[in-house]
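Heads up, the thing below is written out as structure tokens.
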Amino acid sequence: MELQAVLMAAGGGSRMMELTYNTHKPLLPVGNKPLIWYPLNLLERVGFEEVIIITTKDVQKMLTPDRLKLDGKMKLDVVCIQLEGEMGTADALRHVQQKIKTDVLVLSCDLITDVALHEVVDLFRAHNASMAMLMSKLHEFTETVPGQKGKKKAGEQRDFVGVDATGQRLLFMANEADLEDGLTIRKSIMCKHPSMRIRTGLLDAHLYCLKRCVVDFLVENKNISSIRGELIPYLVRKQFSKSVNLPNNKDEVEMSQKMEGQTNLEILGSCKDEELLRLTQERSCWNDHHGDMSEAYHGGKVRCYVHIMEDGVCYRVNTLAAYIEANRMVSAPKLIEDPPIHPSAVISECTQVGADSIIGASCQISDKTSIKRSTVGASSTVREKVKITNSILMNGVTVEEGCNIQGSVICSNAVIGRNADIKYCLVGSSQRIEPDGECLTQAVSCNLF
Amino acid sequence: MADADETSKQAERNTNVGDGIAVKKQDIARAKNEGKELTKDEKQRLRKEKKQQKKNKKDDKGESEHENVPLPPSQAVVQCQSQKVCTSEKPAKSKAEQRAERRARQEADRAAKGKKGESAQQPPSGKSKAPPNELQPVVKRLPEHVQVDDPAAVRKLAKKLERQQIPVRSEYGYKVSLFSHLHQYSRKAPLTQQISIPSTVIHPYIVRLGLQYSQGIVAGSNARSIALLHAFQKVIQDYKTPPNEELSRDLVNKLKPYISYLNQCRPLSASMGNAIKYVKKEISNIPCLCKEEEAKKQLLSCIDNYIKEKITLAATTISAYAIEKISNGDVILVYGCSSLVNHILCDAFDKKRKFSVIVVDSRPRLEGREALRRLVKKGICCTYVLISAVSYILPEVSKVFLGAHALLANGYVMSRVGTSQIALVAKAYNVPVLVCCETYKFCERVQTDSFVSNELDDPDDLMVTRKGKIHLENWQDIRQLGLLNLVYDVTPPDFVDLVITDLGMIPCTSVPVVLRVKNVDQ
């Protein structure tokens, strides 16, 4: 077997607690499908037959195939972890280390993308890389976020990503938070790659192909707890650290190990490097760079590659703004093959349902309503003379007559009373808006922090 | 004229033989009916008749190709009837007639098919069959990779790939008309787009290898062969004999789709072809009673030995021979990046010979840069020129060392495109040209020009970016423009003075002798 897929679905969604306090993040409906459906669909389309899903017990109960509406026969192997201790993604990977027998493809459950996955995996295969990841151009969110007064908070800390001239080899990666004194680049990197492009407008898709020896390395080094936060920057730095010359006697190896306190990644990786591969590289007339006297890859054993998507859909649904944007984008036919209006929905004739709206199963839309650029969840009821624009209604929502909902997010099982006027609001789960109520740019829910 | 005489003689012979056959068969039939065993004599006669019949049938086919079709049916009818007479004492004429007619129709079809197959080749081959009637006419089949403009061949390939569950790679771009019979693929459309990502049908190592071939990461005849054998080792290690199957038969069948896949990624080289033949032979020579573990170990060690003997040790031998030809003060010209020539020069430098090297390079591959890097890193004095300057620099050169991709059976050298140019100019300046080639790259093909069989690389490689502007960016929009990126060319043996192989230093014309000796050995 070549690659095993691991889906990380144990995250809490800490940046959109208004949505996730009641519904777990992997099950949030986006375009009337649970969020976890999108990465699973991506894996299935590409040809994976088995996925290991790491999640919490509550989510596991909901992950039955018919709930998930998966068409194919992909086998889901769900592994539960407790959420009490702060378990990072690397810790989770260590937890399932027994099941991992080959190289691994790690995904996050909140990734919605239509990337051609072979681009990332081909980089991983062709260059025998230790790590290959996916990044995409960051899209600015233009929609007004409900429940947030005023301008958006100062953006999250930027990522600085340095790539070489071909745009594929990853040379440098740091977050703004770690660069208080300024951005320093080691001279050894500049010597080997004199031409480097540093980009900031990139979104990390949290899709990584990791070699098996990296997973083994994680097992040995228990102090790495997050893949994105610690493992990836470590691998990127390790490409250029002074390579350990394989010692001739074992004593030196053990001594150096004791001194460092860590098992060297290269020793683990290079034992696998075989004589014939070395011979092939020696006889091949290919080099990945020109102009200096070193061999291909500068003789480095650790290599990190990145595929940067210039166009196409790629979202990480970890903030409210991203959630809303994703709901808009998935009505694009590329991701969902189902018709936007579910066949079991009952829509009476005098309604106007825009072409970019998605209506879920068993909905009831009454007369004289107008639904534009919105998503209506399954089993929702919308009564007469309602105007819904730019909004997201989750499952089981009841909207009484005469309402006007604009730019809002209504969570599941909420009830909007008659003639309510809701603009840019976030209505929490099972809340009730009084008739004739007016909400403007606020979040209505029980357990506000 | 001669043809007519010969055909009439043939017809006579056939009828005579037919009668003779009829007579003999009647004897034998009588003997059988009498319940006696066939005597040794009669058995021999029977055998001879069968042979003669077969030969006549083949001759009929050969003749009918450049004669009219009506002739063989009549002869066939004659033979059939004579045969029919003896098998049943009371010949049911209607049945015999039907059978004869059917046989005649079959012969006619076969002849017509043979004619169609022949017409694809040059006409002279048909004429050559006329005079020697004793020679069996052989139907030559063109390899698939030079028949891309024939839709029947393309369909056949598609069917074969579908059976093996390998995706078909689609052609790319406008092909120059002289080379429209060859495949042309784009590097941006790899075959991995069409296979599932954790590849189940094709072994992951083979997928990786195919990708490395198509992207040029593993390039050069020796490197490709070594990588191929390494991948085969991995396949053999992971192989498990299914129940009720024999390893010697099943493993070969498992390798076939992998080889098709690699062929789709990049056409196989002659050295790879020979390596594959060797591996298949070794696999089929595994005794049936051998246990799986032992068989696998044996195969792995065979492959290791092959690499050690044919590639590593051969390189050492060749460089030992070549060093005799390098004297102090030489100026040696090399072209592109040949692993063997680099090895020879590095060895010569280690043995304290004083020489300098001129590296000639050409676009779009610019492989000479890599050769230059390796030689300069060793400490050899090098000069670097592009191929357009070769006639300028040749007066200073004392010898030319060239590497080869394959050595053809008629003595032609197949190598990177540009090699024949260098050999031609060197000949004009009376500079000796030495080709270094291991014997495992000798192939039984015969080719006299570079058009008939070649490889077309991605035409987009010819696009070049200068000062931020990409020239030829929209070449596909110009209907009359075709970009040609050839990979190989053939050099005639008149331009090559010596071939240095691991068997010694031989002239180019001795290649068929080496091939014959190799076949006898095996």
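The values are calculated or read from the model by the stated rules, or taken from the named source; none is laboratory data. Nothing here was measured: the structure is a model prediction, and the numbers come from that model. Every residue, glycine as well, gets a Cβ built from its backbone with ideal geometry; the counts of neighbours run over all protein chains shown. These accessible areas exclude ligands, DNA and RNA; they are computed on the full protein's heavy atoms, side chains included. Shrake-Rupley method; radii C 1.70, N 1.55, O 1.52, S 1.80 Å.
Values as computed for the structure displayed
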quantity	calculated
Rounded FRET efficiency, nearest 0.05, which uses the C-beta distance separating A:LEU277 from B:MET505 and R0 of 30 Å	0.35
Candidates A:VAL46, A:VAL409, A:VAL376: whichever shows maximal mean-square fluctuation once chain A is modelled as a Gaussian network with Cα springs under 10 Å	A:VAL46
Solvent-accessible area, 1.4 Å probe, carbon plus sulfur percent, for the range B:419-515	55
Most positive-pole-ward Cα, A:VAL115, A:TYR323, A:THR55, against dipole of chain A from beta carbon charges	A:TYR323
Occluded residues from the range B:286-310, i.e. those whose accessible area drops by 40 Å² or more once the chain is not alone (1.4 Å probe)	none
Carbon/sulfur fraction of accessible area - the range A:1-144, other protein chains in place, 1.4 Å, %	49
Cα→Cβ-extended label distance, 7 Å offset, between B:SER356 and A:GLU140, nm	6.0
Computed E for B:GLN237/A:GLU384 - FRET, C-beta separation, R0 60 angstrom, nearest 0.05	0.25
Paramagnetic reach from B:ASP461 (point 7 Å along Cα→Cβ, amide N under 15 Å) across the range B:183-206	B:183-189
B:ASN244 paired with A:MET190, simple spin-label distance in nm, labels 7 Å along Cα-to-beta-carbon	7.0
Theoretical gain in end-to-end length, A:GLU180 to A:SER362 [0.36 nm per residue, Cα-Cα removed]	60.1 nm
Of B:ALA389, B:THR317, B:VAL357, farthest towards positive along the dipole that unit charges on Lys, Arg, Asp, Glu beta carbons give the range B:277-432	B:ALA389
Theoretical gain in end-to-end length, B:LYS95 to B:LYS58 [0.36 nm per residue, Cα-Cα removed]	10.8 nm
Relative contact order (percent, whole number), chain A, Cα cutoff 8 Å, 6+ residue spacing	16
Debye log10 I(q)/I(0) at q = 0.21, 0.24, 0.27 Å⁻¹ for the range B:245-304, Cα point scatterers	-0.85, -1.01, -1.16
Farthest toward positive dipole pole in the range B:144-240 [+1 Lys/Arg, -1 Asp/Glu at C-beta], among B:GLN193, B:ALA153, B:GLY173	B:GLN193
Ranked packing of B:141-150, B:484-493, most packed first, by mean Cβ within 10 Å	B:484-493, B:141-150
The range A:343-449, accessible surface, carbon-and-sulfur percent (1.4 angstrom probe)	46
Separation in nanometres of the label points that stand 7 Å from Cα toward Cβ, at B:VAL452 and B:TYR384	3.8
Unit charges on C-beta of K, R, D, E only; dipole of the range A:271-399, Debye	740
Accessible surface buried upon B-A contact (total; probe 1.4 Å; Å², nearest 100)	3200
The range B:180-215: trypsin sites (Lys or Arg not before Pro) falling in loop per DSSP and having at most 10 other Cβ within 10 Å	B:LYS188
